[in-house]
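Asker: Got a structure for you, written out below as structure tokens; questions coming shortly.
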Amino acid sequence: MISHRVTLLTLALVFGGAVLLAVLNQFTPPGSALHVPPYVIALVGKYLCFAMLALAVDLVWGFGGILPLGHAAFFALGGYAMGMYLMRQIGTRGVYGNAMLPDFMVFLGWKALPWYWSGFEWFAFAALMVVLVPAVLALVFGWLAFRSRVTGVYLSIITQALTYALLLAFFRNDMGFGGNNGLTDFKDIVGFPVQADPTRASLLVLSALFLCGQFLLARFVVMSRFGKVLIAVRDTESRTRFLGYRPESYKLVVWVLSAIMAGIGGALYVPQVGIINPSEFSPANSIEAVIWVAVGGRGTLSGAILGAVLVNFGKTWFTSALPELWLFALGALFIGVTLLLPEGVMGLFRARAAKPGTAPEAEAAPAKGMVT
Amino acid sequence: MTEADTLLYLDGVTVSFDGFRALNGLSLVLEEGEMRAVIGPNGAGKTTMMDVITGKTRPDTGSVIYQAGTDLTKLDEPAIAALGIGRKFQKPTVFEPQTVWDNLLLALAGDRRPKFSLWARESAAERARIEQILETVRLPEQRHRRAGDLSHGQKQWLEIGMLLAQEPRLLLVDEPVAGMTDAETEQTAELLREINLTRAVVVVEHDMAFVRALGVKVTVLHEGSVLSEGSIDHVSEDPRVIEVYLGR
Amino acid sequence: MFRWLALALLAVLWLAPGPGRAQLADEALTALTSTSFNSIREGVEALAASGHPRAQSIILALQAGKLFLRGDKVLFIKDEDGSVIEAATGAAADVPASALKPVRVNNAVRGAIDAALGALRLFAPDAAARLQAAEAVFRSRDPAALPALQRAMASEPDAKVKRRMEQAHATALLFLPEAKESDRLAAVMTLRARGDIEARSTLGNLTGQTQAVAEAAATAITAIDRNLQLWSLLQSVFYGLSLGSVLLLAAAGLAITFGVMGVINMAHGEMVMIGAYVTFVTQQAMKAYLPGIYQANLLFAIPLAFIVAGLIGIAIERTLIRWLYGRPLETLLATWGLSLVLQQAVRSLFGASNRDVDTPAWMSGATELGSLTLTWNRMYIILFAFLVLAALMAALRYTSLGLRMRAVTQNRQMAAAMGIRTPWIDALTFGLGSGVAGMAGVALSQIDNVSPNLGQNYIIDSFMVVVFGGVGNLWGTTLGALTLGIVNKFLEPVAGAVLGKIVVLILLILFIQRRPRGMFPLKGRAAET
């Protein structure tokens, strides 16, 4: 299904590219023609984190048939967990110099740290929460939704409602997550200054490592017998039931896994962009993540990574060169890809590579069975 | 007939949709290892009956007792499938983008839980069983083709093959020969008789020639309940049957 | 008993008009010339009660330190510019400043002045001013205002103002130490009848009352609380209905496109937004070319918005949606893209900032019903929503287009086989849904900011309505919209606006677990495709 060639190429491009950029940034003098400026490092690091979100979306959409319109929520929750750790690391270096309380809490006149902030001074705890918080939310939500056979557009809409509810919640100051401004002004991550170039280069390489790991994990899942069942559920859910499978358990497993992947992406995103605020929860973000996958090619995993990097590169370029045209371009991308390029960029590659007589790859066609 | 011989017992099953009674106090007994043909005009409740047996539809009243005392109306589809009841749909339903081989692999009896399937590897026994089924349903040449690329008849057989892979004790087959050529129809009748050697089969069919070829006990449904039951000759002479069905 | 007293007083005042009053005023003015603060205070109170035409000017002068006394005990008012007039008559007087000494005040006198001024306003020629004054006295709970109140009540022509005065009188009486128990009990009843939060607070602050009065007050408080709860309930219902009707307008079109065509149109909110901009453009055009009938601008905007949004909808269906039938998730993505394009297009055309859309005079303002405040624009929107709903239902039920639409909803293949041109029906259905959204935009332009983001604010809520109500019929949508609107407004005071909304979303997520296809799902074989 996902050939070894494509797998190796993906791994090589992601990891090799990141290492190359990091090395060129660290070991060439700033004036040199080969030097990669720090902002590029941060930018690419950001793209790779988005790619993790895209991978997570592809896993549930491409293989599970669940179109998630709220996956950025898991990404943001992972990001907030990391942000809380980074906030605690500021210590007395904040504007108010309070060792226990982040600046925004002092500003709000809070006297003590809320209970749910305790533990976040330890990296290991924060890392656990990066995984656990999205996982638990996904578990509860998924269990409720899949058990009652909510499918198709209904499911999509309630995932959107979920992230919308979280968006509203995180905007509230009383939630204790910095309200509108979110968490920012970070100083250190595990003892290294978060703004420093070597830290940024390391974070880029780390993001690449995690992305490769997630890619391999996702590949393992979809190519196992589990993956075959999942695809069967995607295409003909009721048929799998009569075969004795419980589609809800399969969806739940892949849904939780996907949420964790998105959460990790968010956690690596926050130290590299230096801020996390409620706008990450906005439904538009989640829908954008879906279009990354659609552009790259749904149900291909590699395509999700490719799409995330391509679209975000385009966004960076557009928003600086032609800001008023960006929404036109993004809108056109949504329309164009769904109408003209249903298999995405990977579909184009495949069409060129396909020799006559060989059967098209299994997950290529966005199956008709998806219709609810 | 003793209780031990009874495989399936539908007792006064009633199902209504928005006031329309699809099944109206339907009662039916099926013996272990029996093959039964169910016929009836459109809207007689044939498909709804299958839906009730397999857990897709819950009846308003009545019970469906399987083997020694399991009430199927309390269970959902996967649980009923796990008890050994397989179903073939009117419209062939296979996993189109996946290969014939994978379709059969997914249908093979075994652990259905995610934690098993994540780590499962194809065993030699599984491979042998799939090979055997491919022979039975006459598809060994097609094993690597996408199921979606098969012809209509081949899909029907693949679906029967998948049912066999499930190793059910009871097979429910909904219009297996619809849209088949005469040769295919004959082969299908052959196949069903072969299957019936080891398990019970319920066939819902419109094609009277096919039902006659099967040569089994026939149940005629009309407006959600049994109108007549017996050999094909017996029911085709029943004046009520002639009136509602054959006479038209 | 108190009423008898008041009546008696009224009778006295009535029977002895001119001379009695004049005498009172003279005595009051004399008291002001006293050196005792106590006398001055009584003088102020008496003057205010006397009905003297210049009472207010004199008391105001005293308050400002402009009231002076000549050796012969005649009062004068000296302004900052040095001009002097005689206090009692207002006639200019030529008095040397050296002959005048100020009338002094202390805190007790100042208190009396405030109360007196309040009481004097009770006689203002303007009914609204008198009402306000009565309310001020009501809040002050000052027994000193009693005489003035009694006089004002006697001459008050406006029933509403008079009722307020009686309530103020009752309050003041309750704080008058020497008032009789029977009068107090009557006063408690008067306040209980008033039944609002002010009356409750007055009753809650009573001290030193007899057992019977305290008990009556406690009973009255309970009664008022119950009453207040009822009113706030009704007010919430009104707000809820108002929000619900807005949601209904926004969601009705969505329910049609989703129900008939199974198409999730994420650009539906932009159709609403376009409707709002059509209103804006209509108003601008009418201001310029048809100023004479400008007040009727909405009556022009509604059909225009329907036509413009409807035509855009048909265009969208023909160019975009029809390629994606049977792929609802892809449709969702493509229409989302379209919504981005439409938003940006409007932003480029009209700018990103809010556009001012006028509310016609006949839709402005509010009316009071008991303790309810009903704003006219919201009343009209509720009415409009139900008119649109009725029109839609009639269209679906009685027109041949409606018949065909329903046929396509129920069985597309069969409808096609019967010779219904389903593509044509699809386009018209989509146009109808979009047109209704455009009309919703006209309504929304009256209560919300008209900006390119207008649609985005309603799209999620509209989806919630459709999901909640089910797609089968418009009744579901109606019930869904009104329920969500009312639940939202009931939760708001308890949980706050944002938290209330979150709670609603969570409730909805839980609801859809129980009813995955909404309250009114399509049933039977048709639903199992």
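Asker: Could you list which residues have their amide H under 5 Å from that of A:LYS187, counting only those 5 or more apart in sequence or on another chain, with H placed in the peptide plane?
Answerer: Those qualifying (amide H under 5 Å, at least 5 residues apart or on another chain) are A:ILE90.
Asker: From largest to smallest, what semi-axes in whole angstrom does segment A:68-162 give when each is the square root of 5 times an eigenvalue of its alpha carbon gyration tensor?
Answerer: Its equivalent ellipsoid spans semi-axes of 34, 13, 11 Å.
Asker: Would you calculate, for chain A, the mean residue ellipticity at 222 nm contributed by helices, counting each DSSP H stretch of 4 or more residues as -39,500 (n - 2.57) and dividing by all residues, to the nearest 500?
Answerer: For chain A, the value works out to -21500 deg cm²/dmol.
Asker: Of the beta bridges DSSP finds with both residues in the protein assembly as shown, what % are antiparallel, to the nearest 5?
Answerer: 70
Asker: Using a 7 Å offset from the Cα along the Cα-to-Cβ direction at both A:HIS35 and A:GLU121, what is the distance between the two label points in nm, to one decimal?
Answerer: With each label point 7 Å from Cα toward Cβ, the separation is 4.0 nm.
Asker: Also, quick follow-up: I need to check one value: relative contact order of chain A, counting alpha carbon pairs closer than 8 Å and at least 6 residues apart, in percent.
Answerer: Relative CO of chain A lands at 32 percent.
Asker: Calculate the mean, over all residues of peptide C:35-44, of how many other protein chain Cβ atoms lie within 10 angstrom of the residue's Cβ.
Answerer: Whole-number average of other-chain Cβ neighbours for C:35-44 is 0.
Asker: Could you pull the Rg and Dmax for the protein assembly as shown, using just the Cα atoms, both in Å?
Answerer: According to the Cα coordinates of the protein assembly as shown, Rg and Dmax are 40.3, 138 Å.
Asker: C:TRP424 to A:ARG5: FRET efficiency via 1/(1 + (r/R0)^6), r the Cβ-Cβ distance, R0 41 Å, to the nearest 0.05?
Answerer: The calculated FRET efficiency here is 0.25.
Asker: What FRET efficiency would be calculated for the residue pair C:LEU349, A:SER279, taking the C-beta separation as r and a Förster radius of 35 Å, to the nearest 0.05?
Answerer: The computed FRET efficiency comes out at 0.85.
Asker: Please list 3J(HN,Hα) in residue order for segment C:397-405, calculated via the Karplus relation 6.51 cos²θ - 1.76 cosθ + 1.60 where θ = phi - 60°; whole Hz, with x for glycine and proline.
Answerer: These are the phi-based 3J(HN,Hα) values: 8, 9, 8, 6, 4, x, 4, 5, 4 Hz.
Asker: Please say if chain A is rounded, prolate or oblate, where rounded means a/c under 1.5 for a ≥ b ≥ c the square roots of the C-alpha gyration tensor eigenvalues, and otherwise the choice is prolate for a/b larger than b/c and oblate otherwise?
Answerer: In terms of gyration-tensor shape, oblate.
Asker: With an 8 Å Cα cut-off and a minimum separation of 6 or more residues, compute the relative contact order for chain C in percent.
Answerer: Across chain C, relative contact order equals 15 percent.
Asker: So who's got an amide H within less than 5 Å of the one on B:VAL201, skipping anything under 5 residues away but keeping other chains? H placed 1.01 Å off N, in plane.
Answerer: B:GLU34, B:MET35, B:ARG36, B:LEU171
Asker: Measuring from centroid to centroid over Cα atoms, what is the spacing of segment C:298-313 and segment B:7-80 in Å?
Answerer: The distance from the Cα centre of segment C:298-313 to that of segment B:7-80 comes to 53 Å.
Asker: I would also like to ask the following. On average, how many beta carbons from a partner chain sit within 10 Å of the beta carbon of a residue in C:191-204?
Answerer: 0
Asker: Which of B:LYS91, B:LYS217 has the fewest other C-beta atoms within 10 Å, and how do the rest follow up to the most?
Answerer: Least crowded to most crowded, the residues run B:LYS91, B:LYS217.
Asker: Now for a separate question. Pull out the extension gain between C:TRP323 and C:ASN453, defined as 0.36 nm times the separation in residues minus the alpha carbon to alpha carbon distance; nm, one decimal.
Answerer: Taking C:TRP323 through C:ASN453 to full extension adds about 44.1 nm, to one decimal.
Asker: Can you compute 3J(HN,Hα) from phi for each residue in segment A:299-310, using the Karplus curve 6.51 cos²θ - 1.76 cosθ + 1.60 with θ = phi - 60°, rounded to whole Hz and x for Gly and Pro?
Answerer: x, 10, 6, 4, x, 4, 5, 4, x, 4, 5, 4
Asker: For A:VAL36, what residues show an amide H to amide H distance below 5 Å, using hydrogens built from the backbone and excluding near sequence neighbours?
Answerer: Those qualifying (amide H under 5 Å, at least 5 residues apart or on another chain) are A:ASN25.
Asker: Neighbour counts of other C-beta atoms within 10 Å: give me B:TYR66, B:TYR9 arranged from fewest to most.
Answerer: The order, fewest Cβ neighbours first, is B:TYR9, B:TYR66.
Asker: So how far, in whole Å, is the C-alpha centre of segment A:263-336 from the one of segment A:27-69?
Answerer: Between the Cα centres of segment A:263-336 and segment A:27-69 lies a distance of 10 Å.
Asker: Next up: What distance in nm separates the two pseudo spin-label positions at C:ALA218 and C:GLU27, each 7 Å out from Cα along the beta-carbon direction?
Answerer: 4.2
Asker: If you don't mind, another one. Please identify the longest segment of chain A free of exposed trypsin sites (Lys or Arg not before Pro), where exposed means a DSSP state other than H, G, I, E or B and no more than 16 other Cβ atoms within 10 Å.
Answerer: Longest stretch, sites excluded: A:188-372.
Asker: Report the GluC sites (Glu not before Pro) located in segment B:98-180 that are in a DSSP loop and have at most 16 other Cβ atoms inside 10 Å of their Cβ, or state none.
Answerer: Here the GluC sites (Glu not before Pro) that fit, given the DSSP loop and packing criteria, are B:GLU122.
Asker: Report the antiparallel proportion of the DSSP beta bridges in chain B as a percent, rounded to a multiple of 5.
Answerer: Bridges in chain B that DSSP calls antiparallel: roughly 55 percent.
Asker: Another question, if that's okay. Taking every residue in A:325-336, how many Cβ atoms of other protein chains lie within 10 Å of its Cβ, on average?
Answerer: Mean inter-chain Cβ contacts per residue within 10 Å come to 6.
Asker: Once a ≥ b ≥ c are taken as the square roots of the eigenvalues of the Cα gyration tensor of segment C:232-528, is the result rounded (a/c under 1.5), prolate (a/b larger than b/c) or oblate (a/b not larger than b/c)?
Answerer: Verdict is oblate for segment C:232-528.
Asker: Another question about this same structure. Apply the Karplus parameterisation 6.51 cos²θ - 1.76 cosθ + 1.60, with θ equal to phi minus 60°, to every residue of segment C:358-373 and state each ³J(HN,Hα) to the nearest whole Hz, in sequence, with x for glycine and proline.
Answerer: Along segment C:358-373, the couplings run 6, 9, x, 4, 5, 9, 8, x, 8, 10, 9, 10, x, 8, 8, 10 Hz.
Values quoted throughout were computed directly from the atomic coordinates according to the rules given, and no laboratory measurement underlies them. Computed from a predicted model, the values in this text were never measured in an experiment. Positions of Cβ are generated from backbone atoms using ideal geometry, with glycine treated the same way; all protein chains shown enter the neighbour counts.
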